[in-house]
Amino acid sequence: MIKDKYLEKYVGQSRSAIMFFAGDQLIASNHSAEELQRRYGLDPCYLRQIAQNGKSSSTAGYQVRTNVVTIPTKEKESLHLSLCYRLLDQEEDVYSLTIRNLQHEEQLSAQERQHLLTRYVNRAHEKERQRISQDLHDSIAQGVYSAIMGVRRFTQGDLSPAEQQETSQAIEIQLQETLTEIKEMALDIRPAVLDSFGLVPAIKALAKRLQANSGVIINVLAVDEQAIQLTSDEQSVLYRVCQEAINNALRHAHPSEITVLLSNHPHVIQMQVLDDGDGFNLKKNAHFNGHSLGLMNMKERVTALNGVFEISSHPHEGTTLTVKFPLNTVR
Amino acid sequence: MMALEQAKTNKDYARLVNRIYHTSDFEFVGIALQETYYPFVIKWRFAAGNQSEQFRQIVLRKGIGIAGLVFRTGKPFYDNNLSKYSFSNKMYTPIANAESLWSAVAIPVASSLGTVNAVLLAGYRRKQPVSLETVAHLGEYLHG
Ligand SMILES: Nc1ncnc2c1ncn2[C@@H]1O[C@H](COP(=O)(O)OP(=O)(O)OP(=O)(O)O)[C@@H](O)[C@H]1O
Ligand SMILES: [Mg+2]
């Protein structure tokens, strides 16, 4: 029948993976489904089980549509799928399972995007806590412990005046270093300069610190602070974007120089972060890569405040990130 | 008295760095010192073979990078292919970045009461692997 022929073609060519089950048996699947199985070594019954688990009691007829499901794969990345499991024939116990790989969908629904984003934000928060906890343990606790040992040596040991002098200086240095680390952590979590002195001093302090830690030159060229009339939300976002952009450049690009430009134009304030590093393929990083949220999160935060977020990058030509906020002059 | 003592050692360090640079095939030699006053910052004070003055901006952190690890542990460290470490890795060595070093070794030069306060580092920009032997070789300059 001609109808069947086109149906078969449509199913066969679909970007969505489609599988048919009779009872526990996989009885048919399209090309995308075979691809999915082969590439990621996924068991069809495992996928079906996940879909069934998403079933709620109120489901009329029999259809289950899952939210975003994240599945770890053999390679490090995870897969993000949305599954739709549907009863086709009750008597013969036949079901269809339609799987969309969200990585491949250029057009995610707003809800799906939001769902993915929330998940990444949560993960990033968790990662951040993990880092803070580890820093507290590795450097702060370690530093205090060393100082305690120093004090013990001072009080218990039979030290000459010269040794006493040396020991007390060693303890002081130890405590001072620990203090510096505490201050650095506080800066990382939320720079007080930002609240008390504004965006430009905060970015300059950040750049100076990252330059000292990395050995890479980081320039900040900024307009007069007075000229910048930004809400505190906009300031926070610009600061975070700048922090993430410099970190990205340092971590991924091997740059010899990074420049932050803050300029204001009539009705617009613009920030650019430029590096002369390796650059990268934007297309490949345009969607969720399963482990990072930096760029995605930055863009989301900027657009939430009516801003514009752009990146231009080419392999071997460095990267330029631009953020613009419309300025409301009658604030 | 104290100041004189300091000046003398500083001169020694400058000489040491130059002597190593001129009598070995290392392409960069540097010494990092911890300041003896608040806030006890650690910086590269002496260098030979440097390609820019950028190294002066670096503030070393104990436990991070080859030299930072020597400050923390008092033990020598060395590594090759230094650019493989990304910023945020404990082995990321800022001086390797500022001076385009491919490999480097670092050893403690001075310490008091178990805390290291000076570290000597030497390295290559070309792909010249370093090893424990290189560490020993660099160490000979301190006793010679
Ligand atoms: N300035 C840059 N130069 C070269 N590559 C970059 C740059 N910025 C981003 N990238 C590339 O884009 C990818 C995505 O960046 P993004 O900030 O979203 O994530 P990440 O830095 O890998 O992880 P996260 O920021 O969540 O810790 C990076 O992994 C990197 O490959
Ligand atoms: Mg990032």
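Derivation of every value follows stated rules applied to the coordinates shown; laboratory data play no part. Bear in mind that the values here come from a model prediction, so they are computed numbers and not experimental data. Here the Cβ is made from the backbone with ideal geometry for all residues, glycine too, and neighbour counts use every protein chain on show.
Report the full-extension gain for the segment A:E163 to A:E128: residue separation times 0.36 nm, less the Cα-Cα distance, to one decimal in nm. Full extension of this stretch gives 8.4 nm more. For B:R125, the residues whose modelled amide H falls within less than 5 Å of its own, excluding neighbours fewer than 5 places apart on the same chain, are B:E27, B:W102. Ordering B:I42, A:I2, A:I311, A:I140 from the fewest to the most neighbouring beta carbons within 10 Å gives A:I2, A:I140, A:I311, B:I42.
Quick one: helix A:142-156 against the long Cα principal axis of chain A, what's the angle to the nearest 10°, folded into 0 to 90? Helix A:142-156 sits at roughly 40 degrees to that axis. In the range B:4-143, taking the dipole from charged Cβ atoms about the Cα centre, the farthest positive-side position among B:F77, B:L120, B:L60 is held by B:L60.
Given +1 at the Cβ of Lys and Arg, -1 at the Cβ of Asp and Glu and no other charges, the dipole of the protein assembly as shown around its Cα centre is 120 debye to the nearest 20.
For chain B, with only Lys/Arg (+1) and Asp/Glu (-1) charged at the beta-carbon, what is the dipole magnitude about the Cα centre, in debye rounded to 20?
With Lys and Arg at +1 and Asp and Glu at -1, about 280 debye.
Once C-alpha pairs closer than 8 Å and six or more residues apart are averaged by separation and normalised to the residue number of chain A, the relative contact order reads 11 percent. Per-residue extension of 0.36 nm, minus the Cα-Cα distance of A:R240 and A:L26, leaves a gain of 72.1 nm for this segment. The shape of the protein assembly as shown can be summarised by an equivalent ellipsoid whose semi-axes, obtained from the alpha carbon gyration tensor, come to 54, 28, 23 Å from longest to shortest. The alpha-carbon positions of the range A:187-310 define a convex hull whose volume is 115 Å³ per residue.
Share of antiparallel DSSP beta bridges in chain B, in percent to the nearest 5?
Working: 24 of 25 bridges.
Here the share of antiparallel DSSP bridges comes out near 95 percent.
Please report A:V323, A:V94, B:V116 as a ranked list, fewest other C-beta atoms within 10 angstrom at the top and most at the bottom.
Working: A:V323 26, A:V94 17, B:V116 22.
Ascending Cβ contact count within 10 Å gives the list A:V94, B:V116, A:V323.
Annotation for the range B:16-75: chymotrypsin sites (Phe, Trp or Tyr not before Pro) lying in DSSP loop with at most 13 further Cβ atoms inside 10 Å of their Cβ are B:Y37. Evaluated at q = 0.16, 0.17, 0.22, 0.35 Å⁻¹, the base-10 log of the normalised Debye intensity for the range B:76-115, with identical point scatterers placed on the Cα atoms, takes the values -0.46, -0.51, -0.72, -1.24. Computed from phi, the 3J(HN,Hα) profile of the range B:22-38 under the Karplus parametrisation 6.51, -1.76, 1.60 (θ = phi - 60°) reads 7, 10, 10, 9, 4, 9, 8, 9, x, 10, 9, 10, 8, 5, 9, 9, 3 Hz, with x in place of Gly and Pro.
Here B:D79, B:D12, A:D24 are placed in order of increasing Cβ neighbour count within 10 Å, fewest first, which gives A:D24, B:D12, B:D79.
Computed from Cα atoms, the angle from the helix A:31-40 axis to the main principal axis of chain A rounds to 40 degrees.
Taking the 0 to 90 degree range and rounding to the nearest ten, how far is the long axis of helix A:199-214 tilted relative to the main principal axis of chain A, both from C-alpha atoms? So the helix axis and the longest Cα principal axis differ by about 90 degrees.
Remark: relative contact order (the range A:154-307) = 17 percent; criterion is Cα-Cα distance under 8 angstrom and separation of 6 or more residues. Here the relative contact order of chain B, from alpha carbon pairs under 8 Å that lie six or more residues apart, stands at 22 percent. From largest to smallest, the equivalent ellipsoid semi-axes obtained for the range A:111-231 from the alpha-carbon gyration tensor read 40, 23, 11 Å.
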